Every structure is written in structure tokens, then in C-alpha cells.
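**Q** Here it is, the structure in full.
Bear in mind that the values in this text are calculations on the coordinates, not laboratory data. As the structure is a prediction and not an experimental result, all values here were calculated from the model. Methodologically, a virtual Cβ is constructed for each residue, glycine included, from the backbone with ideal geometry; neighbour enumeration extends over all protein chains shown.
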Amino acid sequence: MVVRAIYASQIPVVSAVGHEIDVTLSDLVADVRALTPSEAAERIAPSADELRAALQAAQRRLTALMQARLDEARLRLQALEQRRVFRRPFETIQELSRQLDELELRLTRAMRRRRDQAQEALAALAARLESLSPLAVLSRGYSLTTRASDGELLRAATQVQPGEQIKTRLAQGHLLSRVESIHAD
């Protein structure tokens, strides 16, 4: 029963029955066999010198690792310090402000130029429209004549009969006339 329990154990087992010359069944199923209980104790518990040496080695490794990480962090911090944004933090803002002022000036000039061009184009169109205006034609000495009865614009002498009333519009005022005779050229 003890042999089966040793065999089934998940925890490593050291067999140390004593100063026996014979090999026991527990020695055969155990993970480690020691000749004496003192030897078993030495096998499962390392000496103080070994523990001290292992701890010192771990301490050296940990110290070296921490120093390496510290050096790496220091290098990254120095690299960040060298960036222009940290050396001269307002330089970028001042440069962007200068660019913004320049763009504003260019935009103002472009808008003024565009406004002047639009005013010139409008003045040219107004002059052209004025030259085509019937009132401008009248001011040059021409007139518009209509039949007085229905206001139809007369383009040919044959559109009226002798005795019919016509209305003539001048640059300033209008005349009411009666047709005496018609001459079709």
C-alpha cells in the first residue's frame, strides 16, 4: 500500500529507509533513493553556500538587467530632448503663425484683385447694355413711332393710312401726329 502511494504521488518522493544494505520496494518506486535520512535531507535542501551563491548570481543578473533598461530609457529620453519641438517649443507655433499671416495677406490681395476684375467686367457690361438701350438711341436723335390706337410699333410707312393718329416718342417727351400722306420707298 505504501509502495502504491509513493508510485501515485504527484509530489517527488525521496526514499531513505536507513542504513539498510537491501534495496526496498519503496526505493524502486521513489523518484530519488538516498542511503540515509541525512543524505536525503542534503539532497532536498541545498547548502547555505549554494543558496547564497545562487542569490548573488540572481542579484547580479537583475542588477545588470535593470541597468540595461535604465540606460535604454536614458538614451530614449536624450533622443527626445534633441528634437526641435522640445528644444524650441514655440518655434513651430511661430512658424505656423507666420505662414498663416502670409496666407491671409495673399488671400486679401487675391480677393481685392478678383473684386476689381469683377467691377471692370460689370462696368463693361453696363456700358454695352447702355449702348443697346432704346433710350440711348433716342438721345442720339432717333425716335419710336407707334399707332396711337393700339400702340403697335411702326416699322414701315405702309402700316398706317392717311388720317390715322400716330404717337412718336423722343428722348424727352412724345408727340401726337396725324398722317397726311404716305411715301413707301
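**Q** Starting from the Cα coordinates of the chain, work out the convex hull volume and express it per residue in Å³.
**A** 417 Å³
**Q** In addition: Whole-Hz Karplus ³J(HN,Hα) for the range 65-77, in order, using 6.51 cos²θ - 1.76 cosθ + 1.60 and θ = phi - 60°, x for Gly and Pro?
**A** 5, 5, 5, 4, 5, 5, 4, 5, 5, 5, 5, 5, 5
**Q** Given the Cα-Cα distance of Asp31 and Gln172 and 0.36 nm per residue of separation, how much length would full extension add, in nm?
**A** In short, 37.4 nm is gained.
**Q** Right, next: Given a Förster radius of 30 Å and the C-beta distance between Asp116 and Val137 as r, what FRET efficiency does 1/(1 + (r/R0)^6) yield to the nearest 0.05?
**A** 0.45
**Q** Based on DSSP, what percent of beta bridges with both residues in the chain are antiparallel, to the nearest 5?
**A** Roughly 85 percent of the DSSP beta bridges within the chain come out antiparallel.
**Q** Now, a different point. Counting other beta carbons within 10 Å of each Cβ, put Thr36, Thr108 in order, fewest first.
**A** If I rank by nearby Cβ atoms, fewest first, I get Thr108, Thr36.
**Q** Moving to a separate point now. For the chain, set up a GNM with springs between Cα atoms under 10 Å and report which of Ala127, Ala157, Ala118 has the largest fluctuation.
**A** Ala157
**Q** For the range 105-122, just list the computed ³J(HN,Hα) in residue order, Karplus coefficients 6.51, -1.76 and 1.60, θ = phi - 60°, integers in Hz, with x standing in for Gly and Pro.
**A** Couplings: 5, 5, 5, 4, 5, 5, 5, 5, 4, 5, 4, 4, 4, 5, 5, 5, 5, 5 Hz.
**Q** So what are the ³J(HN,Hα) numbers for the range 171-185, from phi and the Karplus equation (6.51, -1.76, 1.60; θ = phi - 60°), rounded to whole Hz, Gly and Pro as x?
**A** Coupling constants for the range 171-185: 4, 10, x, 8, 10, 10, 10, 10, 6, 8, 8, 10, 10, 8, 8 Hz.
**Q** So for the chain, averaging the separation of alpha carbon pairs under 8 Å that are six or more residues apart and normalising by length, what relative contact order in percent results?
**A** This gives 9 percent for the chain.
**Q** Gain in length, Ala184 to Gln159, computed as 0.36 nm per residue apart minus the alpha-carbon separation, to one decimal in nm?
**A** So the extension gain works out to 8.0 nm.
**Q** Turning to a different aspect of this structure: Going through the range 37-69, which trypsin sites (Lys or Arg not before Pro) have at most 15 other Cβ atoms within 10 Å and a DSSP loop state?
**A** Within the range 37-69, no trypsin sites (Lys or Arg not before Pro) qualify (loop, at most 15 other Cβ atoms within 10 Å).
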